[in-house]
Amino acid sequence: MPYPDTYYRRTIADDSQRSSLAETLECDTVIIGGGLAGLTTALQLSRAGLPVVLLEAEKVGYGASGRNGGFVSPGFATGEDAIVRAAGVENARTIHRLSIEGVDFIRDTIRDLDITAAAPQPGLMSVLRHNDADSLKTHAEHMRREYGYDLEYLDRDAVRSVLKSQRYFQALRDGKAFHMHPLNYLRALATEIERLGGRIFENSAAVSCSLDGPEKIVRTARGQIKARRVVLTTGGYTGPLVGRLKRSFLPIATYVMLTEEAPDLIREAIATTDAIGDNRRAGDYYRLVEGGRRILWGGRITTRAASPAALAKELRREMTGTYPQLSGLKTELPWSGLMSYARHLMPQIGETQPGVWHCTAFGGHGLNTTAMGGKLIAEAILGQSDRYTLFKPFGLAWAGGLAGLATAQLTYWTLQAQDWWRERAI
Ligand SMILES: Cc1cc2nc3c(=O)[nH]c(=O)nc-3n(C[C@H](O)[C@H](O)[C@H](O)COP(=O)(O)OP(=O)(O)OC[C@H]3O[C@@H](n4cnc5c(N)ncnc54)[C@H](O)[C@@H]3O)c2cc1C
């Protein structure tokens, strides 16, 4: 199936096709799912010389990895307090450092492979929509003390000098975070994996598998792979292949829109190349693309797939509510994608059963964490480290099925309502 129509597909550097699997192959490790988790795992194993085959149901980057906001920053889909409660203080610190390592991995890989089409642009501003300078200063101090990680505090005037909105107050700027073209990044990873000898098949959904013996067999419609190990990296697009995995997280949809081209108008509102995220628990995130000619604006989640066009109206309302001067700016293209969320909101990284690994549930904070997850799984397979065991507190617990989805939607609406009250309490 071709890529859905997104800004990334429209600006893709290379749209070559790969063949689908139509034979029996043997390899050391078969990876199922060609998003960032699967490709990073495959890249790291290929770099170590292990023969790998990656199966992708559609095209490499067809899922969330090829259609997201492109923000690459440290952290997870849940906050530090929750991680401390589950993993303890020391392990939580190590886990946060791993999330920084994920950011570094992507930056270094872009540099080492010279992926110019990923167009990395440094800078991420996390902006408050209510007045609370102290909380930001305290957080910046915590990050400096615990991780040696610098965040620049911006007061209200500094923020409003670049973001011309009455809605914004103070911000923290992360100069090491960046934003990029994710689809071009991961297609370059695929090219590198193949250069190193790995095999990648598109239009090759794994439809059944035998995972119990020492030899694992994964079947597609017209072929099969025999391997010592299997890695499951199917994200929010996971089907019934391995029931335990599917039951352990919820697919959640989220939305992005691209505006029409209007550089002069956009400059009147947003005068920075930084990516922007407001820090509501259900907030907006956006960035300028094409050298400031358009805005790529994301936000909202739903537990049932809604029409991207309908959701784009809500995103547009957010955009013009924040920047009334953009009320004439039209939406050109909306799209959506599926993320996977576990109950604990943390990635699930581990060994499902002997020789079978899972690396999934990265939620809405998946660029740095998929890179980290792929690295950890590869290290484990190569016998280089057992760092993946840090994620043991975040196992494959049942996510609650339909009731879980209803709870997730209710939780989201509650968070939205809390954000609303907080902003009005200024
Ligand atoms: C709209 C949107 C905006 C986002 N913005 C950001 C952001 O700005 N920053 C950030 O950090 N995170 C963001 N995220 C989250 C991030 O994109 C994801 O967490 C991450 O890409 C997940 O990667 P993955 O490899 O686990 O899954 P995916 O990228 O979804 O890949 C899974 C792949 O598995 C394939 N597959 C499924 N079943 C099979 C099968 N049986 N056989 C073979 N292949 C199969 C699918 O086709 C798919 O290509 C966003 C997500 C969305 C949807």
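The values are calculated or read from the model by the stated rules, or taken from the named source; none is laboratory data. Note that the coordinates shown come from a computational prediction; the quantities given were computed from them, not determined experimentally. Cβ sites come from the backbone with ideal geometry, for glycine too, and all protein chains shown count toward neighbours. Remember, those area values only see protein heavy atoms, side chains included, never the ligands or the DNA or RNA. Shrake-Rupley method; radii C 1.70, N 1.55, O 1.52, S 1.80 Å.
Values computed for the structure shown
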item: Residue among Val52, Val89, Val60 that alone is more than 13 Å from the ligand (Cβ to nearest atom) and open to solvent by less than 10 Å² (accessible area, probe 1.4 Å); result: Val52
item: Qualifying residue in segment 273-285 (condition: closer than 22 Å to Phe71 by Cβ, among the aromatic types (Phe, Trp, Tyr) and more than 10 Å from the ligand (Cβ to nearest atom)); result: no
item: Residue check for Tyr237: aromatic (Phe, Trp, Tyr), within 11 Å of the ligand (Cβ to nearest atom) and closer than 30 Å to Tyr168 by Cβ; result: no
item: Segment 319-349 - residue that is in contact with a strand residue (DSSP E or B) (Cβ under 6 Å, 6 or more places away or on another chain) and either free of Cβ contacts under 8 Å to residues at least 60 places away in the same chain or of a type in the set (A, V, I, L, M) (or both) and, of those, nearest to Ile31 (Cα to Cα); result: Ile349
item: Segment 205-233 residues that are β-branched (Val, Ile, Thr), paired with ones that are in a loop (DSSP other than H, G, I, E, B) and more than 14 Å from the ligand (Cβ to nearest atom) (beta carbon under 9 Å, 6 or more apart); result: Thr220/Ala22; Val230/Gly355
item: Qualifying positions in segment 63-86 - without any contact (Cβ under 8 Å) to a residue 24 or more places away in the chain and within 16 Å of the ligand (Cβ to nearest atom); result: Gly79
item: Selection count, segment 321-368, where residues are away from the ligand (no atom under 14 Å from the Cβ) and in contact with a His (Cβ under 7 Å, 6 or more places away or on another chain); result: 2
item: For Gly299: the one exception among (1) farther than 24 Å from Ser65 by Cα; (2) not in a loop (DSSP other than H, G, I, E, B); result: (1)
item: Which listed residue, of Arg304, Arg267, Arg343, is assigned to a helix (DSSP H, G or I), among the charged types (D, E, K, R) and open to solvent by 50 Å² or more (accessible area, probe 1.4 Å); result: Arg267
item: Subset of segment 1-31 (residues that are open to solvent by 40 Å² or more (accessible area, probe 1.4 Å), in a strand (DSSP E or B) and not charged (D, E, K, R)); result: Thr24
item: Lone unmet requirement of (1) assigned to a loop (DSSP other than H, G, I, E, B); (2) within 25 Å of Ala171 (Cβ to Cβ); (3) open to solvent by 30 Å² or more (accessible area, probe 1.4 Å) for Asp114; result: (2)
item: Residue in segment 249-264 that is farther than 27 Å from Ala117 by Cα, part of a loop (DSSP other than H, G, I, E, B) and open to solvent by 30 Å² or more (accessible area, probe 1.4 Å) present; result: no
item: Looking only at segment 369-385, and only at residues there that are assigned to a helix (DSSP H, G or I) and among the hydroxyl-bearing types (Ser, Thr, Tyr), the one that is nearest to the ligand (Cβ to nearest atom); result: Thr370
item: Residue selected from segment 117-148 under the condition open to solvent by 10 Å² or more (accessible area, probe 1.4 Å) and part of a loop (DSSP other than H, G, I, E, B), by the criterion nearest to Ser165 (Cα to Cα); result: Arg129
item: Residue list for segment 198-248, restricted to those being of a type in the set (Val, Ile, Thr) and either open to solvent by 30 Å² or more (accessible area, probe 1.4 Å) or modelled with pLDDT of 95 or more (or both); result: Ile200, Val207, Ile217, Val218, Thr220, Ile225, Val230, Val231, Thr233, Thr234
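Rundown of residues vs (1) within 18 Å of Gln325 (Cβ to Cβ); (2) out of contact with any Gly (no Cβ under 6 Å at 6 or more places or on another chain); (3) among the polar types (S, T, N, Q), yes/no style:
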position	(1), (2), (3)
Glu215	no, yes, no
Thr233	no, no, yes
Arg267	yes, yes, no
Thr302	no, yes, yes
